[in-house]
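The values are calculated or read from the model by the stated rules, or taken from the named source; none is laboratory data. Worth saying up front: this structure is predicted, and the values here are computed from it rather than measured. So basically every Cβ, Gly included, is an ideal-geometry build from the backbone, and we count neighbours across all protein chains shown. The accessibility values were calculated without ligands, DNA or RNA, using every heavy atom of the protein model including side chains. Shrake-Rupley method; radii C 1.70, N 1.55, O 1.52, S 1.80 Å.
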Amino acid sequence: MLVVMSQRATPEEINAVVAAIEARGYVARPMPGGERTAIGILHNKGAVDAALFAGLPGVKDVIPVTRPYKLVSREFQPEDTVIQVGDVHIGNGHLTLIAGPCAVESESQCLEIARHVKEAGAGLFRGGAFKPRTSPYSFQGLGEAGLKILRKVHDVTGLPTVTEALDVETYDIVEKYADVVQIGARNMQNFSLLRRAGRSKKPVLLKRGLAATIEEWLMAAEYILDGGNSQVILCERGVRTFAHHSRNTLDLSAVSVVCKESHLPVIVDPSHAAGRRDQVIPLSRAAVAVGAHGLMVEVHHAPDEALSDGAQSLYPEQFALLSRQIRSIYNVFAPSRSGR
Ligand code: PEP
Ligand code: MN
């Protein structure tokens, strides 16, 4: 339920509505907007009686919210969320490129790749220091040493960094070094991790689970917003299907649906979706055409020697080509992006 205050409502009237909501045992979430304040009613177990609030001074309207997710929905917030990381904006009219290796392997590897992707137009650098690997015998990442390398990349190139937090235990340290904390596909419904992310002041990049419905994905994001962190970037990275021609199946229809359902920025990871280099540029073009706010792409200067995901990593010159092509596509569609 959303209580919409009139444009002329006073701060006292808004406070009184908040108090009335809380007196019923619900959580009130005031959301000041450009034109008026709306107050979301959260944590209600069943239906809320609109008549309880409709007659209070300053109340213009009481609107039922039809979706199970509230804070992430456009019903609660019609305007797009824009997340700022350093000088980079993610969401609404911006097109953001995040690029870098699958895993942080060494300082020289990261600095070399970072220089290339920055020159080609990347706004953020990615690289895993804690890697979620299917096999316990595969390279697990450099851990804190990897985080320190990411900090060095930031200091040298100015690129903010994105890296994954695998668990609650290491969240503090990841958050200390990273500019954006990634929650990976396999952890999308790790509820204690989502709650931890909700207490963070750093933006969170939430990947869609391998078999997650859109509703489950948005409910996972809801955990983070409910915890108090509204800076969430959603990332479609392919779902598991019967197809064997690619590692996963990139669900581009999810992008346009989520852009309609939610005000949060939605980006696409074509690398983990495809699992193979030759599909990354075509899928990137399609993702931008369908309305994604950005891409996260794996790039390596020597993919044959990469410790993980070399087969899907672009060579730097391919990334530069991708960057040019998607900007042309973006410019074609840019005028129609607002109000979709
Ligand atoms: C990654 O981006 O490094 C990663 C492991 O991706 P995903 O969680 O989508 O598999
Ligand atoms: Mn990878």
Bin width 5 Å, origin at 0, all Cα-Cα pairs of segment 110-262: what percent of pairs per bin?
2, 9, 17, 19, 20, 17, 12, 4, 0
Across 5 Å bins beginning at 0, the whole-percent shares of Cα-Cα pair distances in segment 236-295 come to 4, 22, 31, 23, 13, 5, 1
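Classify segment 71-174 from the C-alpha gyration tensor, please: rounded if a/c falls under 1.5, else prolate or oblate depending on whether a/b exceeds b/c. Can you show the working numbers first?
Working: a/c = 2.29, a/b = 1.35, b/c = 1.70.
Oblate, since a/c reaches 1.5 and b/c is not below a/b.
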Under a 5 Å amide H to amide H cut-off, with H placed in plane at 1.01 Å, what residues pair with I233 once short-range neighbours are removed?
V204, L205, L206
Work out the count of Lys pairs in the chain where the Cα-Cα distance is under 17 Å, with the pair 8 or more places apart or on different chains.
9
Please list the non-local residues whose amide H lies under 5 Å from the amide H of G128, H modeled 1.01 Å from N, same-chain partners needing a gap of 5 or more.
A103, V104
Classify segment 5-44: rounded, prolate or oblate, from the alpha-carbon gyration tensor (a ≥ b ≥ c, eigenvalue square roots; a/c under 1.5 rounded; otherwise prolate if a/b is larger than b/c)?
oblate
Over the Cα atoms of segment 181-340, what radius of gyration and what Dmax do you get, in Å?
15.7, 45
Taking only protein heavy atoms into account and a 1.4 Å probe, give the accessible area per residue of the chain in Å².
43
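Would you please put 171-177, 68-74, 242-248 in order of how densely packed they are, using the mean number of other Cβ atoms within 10 angstrom per residue and starting with the highest? Show your work: numbers first, answer last.
Values: 171-177: 17.3, 68-74: 20.1, 242-248: 12.1.
So the peptides 171-177, 68-74, 242-248, ranked by packing, come out 68-74, 171-177, 242-248.
Cα convex hull of segment 121-187: mean projected area in nm², to one decimal? Spell out each step's value before the answer.
Details: hull surface 19.1 nm².
Averaging across all directions leaves 4.8 nm² for the Cα convex hull.
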Run lengths n ≥ 4 of DSSP H only: what is the helix-derived mean residue ellipticity at 222 nm for the chain, with -39500 (n - 2.57) per run over all residues, to the nearest 500?
-10000 deg cm²/dmol
Take the alpha-carbon centre of segment 231-268, take the same for segment 1-79, and report the distance between them in whole Å.
31
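Suppose R0 equals 25 Å; then what is the FRET efficiency for E12 and A47 from their Cβ-Cβ distance, rounded to the nearest 0.05? If you can, show how the numbers build up before the last one.
Details: r = 28 Å, r/R0 = 1.14.
The pair E12/A47 has a calculated efficiency of 0.30.
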Compute the Kirkwood hydrodynamic radius of segment 260-333, taking the inverse of the mean of 1/r over all pairs of distinct Cα atoms, and give it in Å to one decimal.
12.7
Using a 10 Å cut-off on Cβ atoms, rank the peptides 113-123, 317-327 from the highest mean neighbour count down.
113-123, 317-327
Stokes-Einstein translational diffusion, the chain - Kirkwood Rh over all Cα pairs, 1.306 mPa s, 10 °C, in µm²/s:
76
Can you give me the three principal axis dimensions of segment 160-215 from its C-alpha atoms, in Å, biggest first?
31, 22, 16
Portion, in percent, of the accessible area of the chain that falls on carbon or sulfur, probe 1.4 Å
52
H301 - accessible surface, heavy atoms, 1.4 Å probe, Å² rounded to 10:
70
